[in-house]
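> Pasting a structure here, questions to come.
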Amino acid sequence: LAGCAGWAGTEGRVSEAEKRFFAQNELVFARVDFTDLEVARRLVVSFEAVSARYGEGYLLLELSLQDFARLRERERELGLRVSLDTALSEQQSRRLRGFEEGALAEALRDFPCYRTLEETFAAARRIVAEHPALAAWADIGDSWRRGFAPRFARSGHDLRVLELTNRAVAGPKPRLFITSALHARELATAELATRFAEHLVGAYGTDPEVTWLLDHHEVHLLLQANPDGRELAEAGILWRKNVNLLACPLSRARRGVDLNRNFAFEWGTAGSSAEWCSDTYRGPAPASEPETRAIQDYLRRSFPDVRGPALADAAPADAWGLYLDLH
């Protein structure tokens, strides 16, 4: 609590019991009931919403004690009621402690319709084995644990891209590059990209649009962009960042870098945090994380650099290719 001193007007809005709860739990979530939908949407943009129940009139936000105090201070002004979700917070803290102690929970037990990290990789390998003329499985870099912490029991992962095209048709071909699951707890995105790949190879030769797409284009999919973080998410922990142990090292719950805010382009602008325990921590430097560097390097190899000198310059008429980051 030492870092929370000096919040003029906020201390009285947080009870001693609530402060103790923050001190005792590594991950803390709050329920925020709202009356104004626009206020709720602004909160989702400003804080880390793990659930937005607009129709039911409440949000679930992951909050620091400081942010909890700030929201509590503005309850009346914004038409909010801010309360701790003690059950979810205690559950998440228990799961995190269990993961760190090696007592792994059943993977994705709350979301059985999504494939695990290893099941996603197995699906990609199966696509390559069954459709060798259309698919390749390329290693483009390392996760943080693989590149920086191989001594740990969980030694990390290669970052792999599933590359789909009919290689019998000569290029050059415009390229679609999709990254997914950059934020570990966004489970649906990796499954969406995997099913897209399965649809493309399964419909090739019978669906004319799919056949045209793979004959005359390339589709590249980084199905799991944050595999280390995904391991925590699969243990039921609402994990967002990578697992860089050097970022916020004294906290098991807050460590890591927000990969989505670590890219070199416009690094350090609004919407990211310099505070290393924040969920939106941008890292110590542009592209400091191996996952981010791997994606950037792959983008540079994949697309010709046709940017003009000004930020708002239009793309030239002969620019081609598309990049999508699924969230």
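The values are calculated or read from the model by the stated rules, or taken from the named source; none is laboratory data. Everything numeric in this text was worked out from a predicted model, so none of it was measured. Positions of Cβ are generated from backbone atoms using ideal geometry, with glycine treated the same way; all protein chains shown enter the neighbour counts.
> Any residue in the range 19-40 that's under 15 Å from Arg72 (Cβ atoms): show its pairings with residues that are assigned to a strand (DSSP E or B) and among the basic types (Lys, Arg) at Cβ separation under 9 Å, as long as the two are six or more apart or on different chains.
What qualifies is Arg31/Arg81; Val32/Arg81; Asp33/Arg81; Phe34/Arg81.
> Okay, moving on. Quick check on the range 289-327: of everything there that is closer than 30 Å to Leu27 by Cα and in a loop (DSSP other than H, G, I, E, B), which residue is modelled with the highest pLDDT?
Ranking the candidates gives Glu289 first.
> Turning to a different aspect of this structure: So which residues in the range 273-286 are over 18 Å from Leu27 (Cα atoms) and either in contact (Cβ under 8 Å) with a residue 60 or more places away in the chain or surrounded by 19 or more Cβ atoms within 10 Å (Cβ to Cβ) (or both)?
Correct list: Arg282, Gly283.
> Would you check if Leu159 is within 24 Å of Ala287 (Cβ to Cβ) and in the same structural domain as Pro304 (by TED's automatic domain parsing)?
Yes; evaluated as a whole, the condition is true for this residue.
> Let me ask something additional. I'd like the full set of residues that are in a helix (DSSP H, G or I) and surrounded by 15 or more Cβ atoms within 10 Å (Cβ to Cβ), limited to the range 45-74.
Correct list: Leu65, Gln66, Asp67, Phe68, Ala69, Arg70, Leu71, Arg72, Glu73.
> While we're looking at this one, here's another question. May I ask you to say which residue of Phe121, Phe111 is in contact with a Phe, Trp or Tyr (Cβ under 9 Å, 6 or more places away or on another chain) and either in contact (Cβ under 8 Å) with a residue 40 or more places away in the chain or aromatic (Phe, Trp, Tyr) (or both)?
None of the other options fit; the residue is Phe121.
> Can you give me the number of residues within the range 75-107 that are farther than 19 Å from Phe21 by Cα and in a strand (DSSP E or B)?
Total satisfying the criteria: 1.
> Would a scan of the range 224-237 turn up a residue that is closer than 27 Å to Gly141 by Cα, touching a residue at least 24 places away in the same chain (Cβ under 8 Å), among the basic types (Lys, Arg) and out of contact with any Pro (no Cβ under 9 Å at 6 or more places or on another chain)?
Looking for residues that are closer than 27 Å to Gly141 by Cα, touching a residue at least 24 places away in the same chain (Cβ under 8 Å), among the basic types (Lys, Arg) and out of contact with any Pro (no Cβ under 9 Å at 6 or more places or on another chain), one finds at least one in the range 224-237, hence yes.
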